[in-house]
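A quick write-up on the structure given underneath.
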Amino acid sequence: MLQKMIRTESISIRNSDHVIFEPDSDRKKLLIVFAYIDQKLGTRSHSSFLRHVDCKKLFLNPGRNEWYQTGVPGIASSYTGLLAFLRDVKSGFADHEILCLGHSMGGFPALGIGVAIGADRILASAPEYVLNMPNSLSVRHLKQTRVECGDLTPVLSANAGSSISILVGRQNAFDMEAATRLGAFPHTDVIALETGHNTFPYLKEVGKLGVTLEAFVEGRDIRSIVADV
């Protein structure tokens, strides 16, 4: 149970199809992984490429393509509630490095919640940071969803020290425009790849996803790894 590992009485939660916590590491690193669109419940996002990475891992899957606006079942019913939960998680692991990771839909909370809780490092792959923009993925899925937090500009503008890496595919015009704007925010590095929206699947195909995720967790340079792909 997750509550055994977090030193605060404000959290009480069990592992489920929506939440998987893997605490079996002695290292003071906690990686929070936000699932991407349409990922099956009960799965660990990118788990096969993170299995060899030594750190504690918290996998979150909302089960809905709603950009975390309705939270994650079992821990929060809203974006604000998820933010509050993860602030408590960070407090419970105050002596740990906190890392946030997300591809596509998962990139939105990785950025917004990651910066808001003061994560040490964030890796966001092909993210949106303003929802419901023309030609976006979110506008196709959020028609019936009340958007609680649809623009991360204030949060990202106030980023005091979270180191952000953005992976983006040059072949997707919408993603490139968003990434270009993201690059103007503090502590943000944008890395473009020769692909479209599927940056993580592309790195998987060329045999670079595992080493990229490991480098992120270890705080090593990502750009040098993907420079030739």
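Restricting attention to the range 92-125, which residues are at positive phi and within 11 Å of the chain's Cα centre (by Cα)? Residue satisfying the conditions is Ser104 alone.
Evaluated against (1) closer than 19 Å to Gly210 by Cβ; (2) out of contact with any Asp or Glu (no Cβ under 8 Å at 6 or more places or on another chain); (3) surrounded by fewer than 22 Cβ atoms within 10 Å (Cβ to Cβ), Gly81 falls short on exactly one condition, (1).
None of Ile166, Ile122, Ile117 is in contact with a Cys (Cβ under 6 Å, 6 or more places away or on another chain) and in contact (Cβ under 8 Å) with a residue 24 or more places away in the chain except Ile122.
Residues in the range 84-107 that are surrounded by fewer than 24 Cβ atoms within 10 Å (Cβ to Cβ) and closer than 15 Å to Cys149 by Cα: Ala84 alone.
Here the condition is being of a type in the set (A, V, I, L, M, F, W, C) and under 20 Å from Thr199 (Cα atoms); of Leu101, Leu86, Leu82, Leu30, it holds for Leu101 alone. Does Val89 qualify as being β-branched (Val, Ile, Thr), assigned to a helix (DSSP H, G or I) and under 13 Å from the mean Cα position of the chain (by Cα)? No; evaluated as a whole, the condition is false for this residue. The numbered conditions (1) surrounded by 21 or more Cβ atoms within 10 Å (Cβ to Cβ); (2) at pLDDT 95 or above are all true for Leu50 except (2).
Among residues of the range 187-211 being more than 20 Å from Val155 (Cα to Cα) and either without any contact (Cβ under 8 Å) to a residue 24 or more places away in the chain or acidic (Asp, Glu) (or both), the one that is surrounded by the most Cβ atoms within 10 Å (Cβ to Cβ) is Lys208. Filtered by the rule that a residue be without any contact (Cβ under 8 Å) to a residue 60 or more places away in the chain, closer than 28 Å to Ser91 by Cβ and either hydroxyl-bearing (Ser, Thr, Tyr) or surrounded by fewer than 17 Cβ atoms within 10 Å (Cβ to Cβ) (or both), the range 29-40 gives no residues. Counted as qualifying within the range 130-229 are the helices (runs of 4 or more DSSP H) with 3 or more residues that are among the small types (Gly, Ala, Ser), namely 173-182. Within the range 108-132, the only residue that satisfies the criterion of being in contact with a helix residue (DSSP H, G or I) (Cβ under 6 Å, 6 or more places away or on another chain) and either modelled with pLDDT under 95 or surrounded by fewer than 19 Cβ atoms within 10 Å (Cβ to Cβ) (or both) is Asn132.
Residue by residue, here is whether (1) more than 15 Å from the chain's Cα centre (by Cα); (2) within 17 Å of Phe34 (Cβ to Cβ); (3) exposed (fewer than 13 other Cβ atoms within 10 Å of the Cβ) holds:
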| position | (1), (2), (3) |
| --- | --- |
| Pro134 | yes, no, yes |
| Asn172 | yes, no, no |
| Phe185 | yes, no, no |
| Val217 | no, yes, no |
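If you go through the range 48-84 and keep only what is in a loop (DSSP other than H, G, I, E, B), in contact with a Gly (Cβ under 6 Å, 6 or more places away or on another chain) and touching a residue at least 24 places away in the same chain (Cβ under 8 Å), you end up with just Ser78.
The values are calculated or read from the model by the stated rules, or taken from the named source; none is laboratory data. These numbers come from a predicted model, not from an experiment. Here Cβ is always computed from backbone atoms with ideal geometry, including for glycine, and neighbour counts include all displayed protein chains.
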